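Following: one structure in structure tokens, then a few remarks.
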Amino acid sequence: MPFMRTAVRLSLGCLLVCGAGLASGQTYPERQIRMVTSAAGGSSDFAARFMAQGMTVGLGQPVVVDSRGGGVVAIEIVAKAAPDGYSLLYYGSILWLLPLLQDAPYDTLRDFIPISLSVSSPNIVLVHPSLPVKTMKELIALAKTRPGQLNYGSGGTGSSGHMAAELLKFMSGIDMVRVPFKGTGPAQNSLMAGEIQVLIPSAGGLMPAIQSGRVRALAVTGTRRMATYPDLPTVAEAGVRGYEYGQYSGVFAPAKTPASVIERLNREAVRTARDPDTREKLARVGVEGEGSSAQAFATLIKEEIVRLGAVIKKAHISM
């Protein structure tokens, strides 16, 4: 009989715990949600505000963007937050690239659960008009005949332009010399002045320079052509089979957040990212709305860590 009483108590305890977990998933959210991101005005902050607005409607509770400074401030805040779905992180590729470039106070795969890929932003391969190439194949052929003589510009170490160019070198076997700048803006000015030959920046905001002929666009780095530049092939189409590079950003929760909460957040994140009006607004600045399952986003991150980790190791890139 004592055994029976113990078994009954254990069964009742399990029912109470499971019932509480189910109720939590059904009633979430019951209050304001904080979406922490990088400094105000940056690309992550820009996309986070679109996501927060859309998710607020679907969740029935305000999703408030909390913009923090540079570095890992925003990342650490959410990594240490309670795993209850009320503190989220909106961040881009640097979240999983930074630990490959330097010692970081967090582990992307251990400390976070990806909720959904929200947006992607391919880069675009640009050359100065004086360079005698009009296609990616011609650029690669020229670079192979002039190893170490062509140079490319980029922003800081680990920036999208830096990684996109190093991946191109890695996959095509060419040798170009990096010229670092304090940001993409100065690098673009240098390209237009003919001081550097190649630049692979984020695709947004470049249409005026391309249309005026101050730079020549050869290809986009994503997996598909962009609506903004429909006539430009992808780098893979243009001859570097398997090449793909993009800036990805999305929503994350702290590790150990309940699956029911992740599922609820995923539904609203996907709906928001795929909303036609949101996609149209994002496309105007060279960003593409995505929306994915949590598992697909996690797989993308793991693949990026392996693929770009190999490039970083071979090129001895560090911060």
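Computed from the coordinates by the stated procedures, all read-outs in this text should not be read as laboratory data. Not measured: the values here are computed from a predicted model. So basically every Cβ, Gly included, is an ideal-geometry build from the backbone, and we count neighbours across all protein chains shown.
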FRET efficiency for residue 256 and residue 53, using Cβ-Cβ distance with R0 set to 22 Å, rounded to 0.05: 0.20
Model label zone, residue 283; criterion: amide N under 16 Å from point 7 Å along Cα-to-beta-carbon; scope region 101-131: 119-122
C-alpha long axis of helix 294-315 to longest principal axis of the chain, angle in °: 40
Amide hydrogen neighbours beyond the local backbone of residue 118, cut-off 5 Å, H modeled: 249, 250, 251, 291
Counted charge near residue 219, where neighbours are those whose Cβ lies closer than 14 Å (Asp, Glu -1; Lys, Arg +1): +2
0 to 90° range, to nearest 10: angle between helix 259-273 axis and the chain longest Cα axis: 40
Selection from 121, 285, 141 lying farthest towards where the dipole of the chain points positive, charges on Cβ: 141
Within the chain, longest stretch free of exposed GluC sites (Glu not before Pro) [DSSP loop, at most 16 other beta carbons within 10 Å]: 31-194
Integer Hz, Karplus 6.51/-1.76/1.60 couplings in order for region 63-76, x for Gly and Pro: 9, 10, 7, 10, 7, 10, x, x, x, 10, 4, 4, 4, 5
³J(HN,Hα), Karplus 6.51/-1.76/1.60, whole Hz, each residue of region 40-56, x for Gly, Pro: 4, x, x, 5, 5, 4, 4, 5, 4, 5, 4, 5, 4, 4, x, 5, 4
Projected label distance in nm at residue 223 and residue 319, using a 7 Å step from Cα toward the beta-carbon: 2.6
Per-selection metrics, region 124-220 (Cα): Rg and Dmax in Å: 12.0, 32
Residues with amide H under 5 Å from that of residue 236, placed H, sequence gap 5 or more: 243
Residue-averaged [θ]222 nm for the chain, counting only DSSP H segments that reach four residues, each worth -39500 (n - 2.57): -14000 deg cm²/dmol
Angle in degrees between helix 2-27 and the longest Cα principal axis of the chain, rounded to the nearest 10: 50
Signed unit charges on C-beta, dipole axis of the chain, positive-most listed residue 185, 102, 39: 102
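Arranged by the count of other C-beta atoms within 10 angstrom, fewest first, what order do 184, 108 take?
Details: 184 19, 108 22.
Going from sparsest to densest Cβ surroundings: 184, 108.
Which FRET efficiency value, to the nearest 0.05, is calculated for residue 27 and residue 231 with the Förster distance at 35 angstrom and r the Cβ-Cβ distance?
Numbers: r = 51 Å, r/R0 = 1.45.
E between residue 27 and residue 231, to the nearest 0.05, is 0.10.
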Under-5 Å amide H pairs with residue 219, H placed in peptide plane, nonlocal only: 125
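If Lys and Arg each add +1 and Asp and Glu each add -1, what is the summed charge of the other residues whose beta carbon sits under 10 Å from the beta carbon of residue 228?
Details: positive: 225, 284; negative: 288.
Cβ neighbours under 10 Å give a net charge of +1.
Among the listed pairs 137/313; 137/302; 256/302, which are separated by more than 21 Å between their Cα atoms? Working shown, then result.
Details: 137/313 26 Å; 137/302 30 Å; 256/302 19 Å.
Listed pairs above 21 Å: 137/313; 137/302.
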In sequence order, calculated HN-Hα J values of region 222-230 (Karplus, 6.51, -1.76, 1.60; Hz; x Gly/Pro): x, 7, 9, 5, 8, 4, 6, 10, x
For the chain, the fraction of alpha-carbon pairs in successive 20 Å shells from zero, as %: 31, 50, 15, 4, 0
